[in-house]
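Engineer: One structure, as structure tokens, below. Some questions next.
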Amino acid sequence: MNRRNFTELAGISGLGLFSVPSVFASERSMNKHSFNLAYAPHLGMFRHHAGNNPIDQLNFMADQGFTAFEDNDMRNREVSLQEKMAMTMAKRGLRMGVFVAHEIYWQKPNLASGDKALREEFLDYIKKAIPIAKRVNAKWMTVVPGHVDLRQNIGYQTAHVVESLKQASALLEPHGIVMVLEPLNFRDHPGLFLAESPQAYEVCKAVNSPSCKILFDIYHQQIQEGNLIPNIEKCWDEIGYFQIGDNPGRKEPTTGEINYTNVFKYIHSRGFDGILGMEHGNSRRDKAGEQAVIDAYVKVDQFI
């Protein structure tokens, strides 16, 4: 599943601005889970339990013990819905995770090209994302530099990307907001400039800003490079955010080959207090499948 299809599925539940008394209140868990890490579901993940209303879905997540939430499509939602979601998250103790800050160029060069018009377009998206982040109390926003420029040496491309990110960091730093750069795997997203964690680490070191960090997506990096825990360790001081998905399939932990209990144990052992976004689908698209997602996180979180 590529990001475009994934976000379309995730966005199907962005319906309605006003919550009504919940018909599923009697089904709320009587044994609220206490997770060791801040796992963040997204809209649509629990719609069979919670219905299509985003506010009901946020309440269901909190009822299950989740303490964070992420929404790739937040910047495209109505301001009134953003405000209502923010109030609900504050009330229920849910921290806001990432949203995608800008238009991503999947098929053509963007930041790697050095094109000044494309750079200005990107910076304009960053400027517009700042009030959204403040509105929903988001600290992080996702940035993807786009496709490689096959007409330029990789060194020049890297310099172009670094310069664009330096300028974006200057916009974000006064607000304490962090853009997190996401390397994406070659299988699902062939030809993108940013693919591996060492490359993201190099770029972040060159930008040298607290507002430019790595989004380490465990699913993507299992496909791209493997060697997960050693690579997380090498990149640790530049990682600002994690995302989750098992491989193959990009579904919940325990459905693929990744030993998420050990990965989460390592992340917790380092004192990570950020958010781990559940950017994956459900292995079953029914109510039982949604419970299976919750059960999977309860299982892999048992590392203490």
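Every read-out reported here was derived from the displayed coordinates using simple, explicitly stated rules and does not represent laboratory data. Quick caveat: nothing in here was measured; it's all calculated off a predicted structure. Every residue, glycine as well, gets a Cβ built from its backbone with ideal geometry; the counts of neighbours run over all protein chains shown.
Engineer: Of ASP188, ASP237, ASP149, how do they rank once you tally other Cβ atoms within 10 Å and put the fewest first?
Structural biologist: Values: ASP188 17, ASP237 10, ASP149 20.
Neighbour counts put them in this order, fewest first: ASP237, ASP188, ASP149.
Engineer: Still on this structure: Tell me whether segment 189-235 comes out rounded, prolate or oblate; compute the Cα gyration tensor, take square roots of the eigenvalues as a ≥ b ≥ c, and use a/c under 1.5 as the rounded threshold. Could the numbers behind the result be given before it?
Structural biologist: Details: a/c = 2.21, a/b = 1.34, b/c = 1.65.
Oblate is the answer for segment 189-235, as a/c is 1.5 or above yet b/c matches or exceeds a/b.
Engineer: Hey, what angle do you get for helix 116-135 against the long axis of the chain, alpha-carbon based, 0 to 90 degrees rounded to 10?
Structural biologist: 30 degrees
Engineer: So what's the angle, to the nearest 10 degrees on a 0 to 90 scale, between helix 197-207 and the longest Cα principal axis of the chain?
Structural biologist: Between the helix axis and the principal axis of the chain, the angle is about 60 degrees.
Engineer: In vacuum, with every alpha carbon of segment 147-304 counted as one equal point scatterer, what does the Debye formula give for log10 I(q)/I(0) at q = 0.09 Å⁻¹? Two decimals, please.
Structural biologist: Reported log10 I(q)/I(0), two decimals: -0.33.
Engineer: Do any of LYS108/LYS205; LYS127/LYS205; LYS84/LYS287; LYS91/LYS287; LYS32/LYS265; LYS116/LYS251 go past 31 Å between their Cα atoms, and which? Intermediate values should be presented prior to the final figure.
Structural biologist: Values: LYS108/LYS205 25 Å; LYS127/LYS205 23 Å; LYS84/LYS287 26 Å; LYS91/LYS287 26 Å; LYS32/LYS265 21 Å; LYS116/LYS251 39 Å.
Among LYS108/LYS205; LYS127/LYS205; LYS84/LYS287; LYS91/LYS287; LYS32/LYS265; LYS116/LYS251, the Cα-Cα distance tops 31 Å for LYS116/LYS251.
Engineer: So if each residue of separation counts as 0.36 nm, and I subtract the Cα-Cα distance between ASP273 and GLN302, what length gain in nm does that give? List each step's numbers first, then the result.
Structural biologist: Working: separation 29, 0.36 × 29 = 10.44 nm, distance 1.71 nm.
Separation in residues times 0.36 nm, less the Cα-Cα distance, equals 8.7 nm.
Engineer: Specify the angular offset, from 0 to 90 degrees and rounded to the nearest 10, of the alpha carbon long axis of helix 260-269 from the longest principal axis of the alpha carbons in the chain.
Structural biologist: 70 degrees
Engineer: Classify segment 33-153 as rounded, prolate or oblate, taking a ≥ b ≥ c as the square roots of the eigenvalues of its Cα gyration tensor: rounded when a/c is under 1.5, otherwise prolate if a/b is larger than b/c and oblate if not.
Structural biologist: Values: a/c = 2.67, a/b = 2.17, b/c = 1.23.
Here segment 33-153 falls in the prolate category.
Engineer: Note the full-extension length gain between LYS234 and ARG135 as 0.36 nm times their separation in residues minus their Cα-Cα distance, in nm to one decimal. Working shown, then result.
Structural biologist: Working: separation 99, 0.36 × 99 = 35.64 nm, distance 3.40 nm.
Length gained between LYS234 and ARG135: 32.2 nm.
Engineer: Based on other C-beta atoms within 10 Å, arrange LEU228, LEU150 from fewest to most.
Structural biologist: Details: LEU228 19, LEU150 9.
Least crowded to most crowded, the residues run LEU150, LEU228.
Engineer: Across bins of 5 angstrom width beginning at 0, how are the C-alpha pair distances of segment 256-304 distributed, in whole percent?
Structural biologist: Over segment 256-304, the share of Cα pairs per 5 Å bin runs 5, 18, 25, 26, 16, 8, 3, 0 percent.
Engineer: Between LYS127 and LYS287, what FRET efficiency follows from the Cβ-Cβ distance if R0 is 41 Å, with the result rounded to 0.05? Don't skip to the answer; put the middle values down first.
Structural biologist: Values: r = 42 Å, r/R0 = 1.02.
The computed FRET efficiency comes out at 0.45.
Engineer: So for TYR201, TYR156, TYR39, fewest C-beta neighbours within 10 Å to most, what's the order? Let's see the in-between values first.
Structural biologist: Details: TYR201 22, TYR156 14, TYR39 28.
In increasing order of surrounding Cβ atoms, one gets TYR156, TYR201, TYR39.
Engineer: Averaged across orientations, what area in nm² does the convex hull of the alpha carbons in segment 65-134 project? Spell out each step's value before the answer.
Structural biologist: On the way: hull surface 22.4 nm².
Computing the convex hull of the Cα atoms and averaging its projections yields 5.6 nm².
Engineer: With equal scatterers on the alpha carbons only and no solvent term, can you work out the Debye log10 of I(q)/I(0) for the chain at 0.08, 0.09, 0.10 1/Å?
Structural biologist: -0.33, -0.42, -0.52
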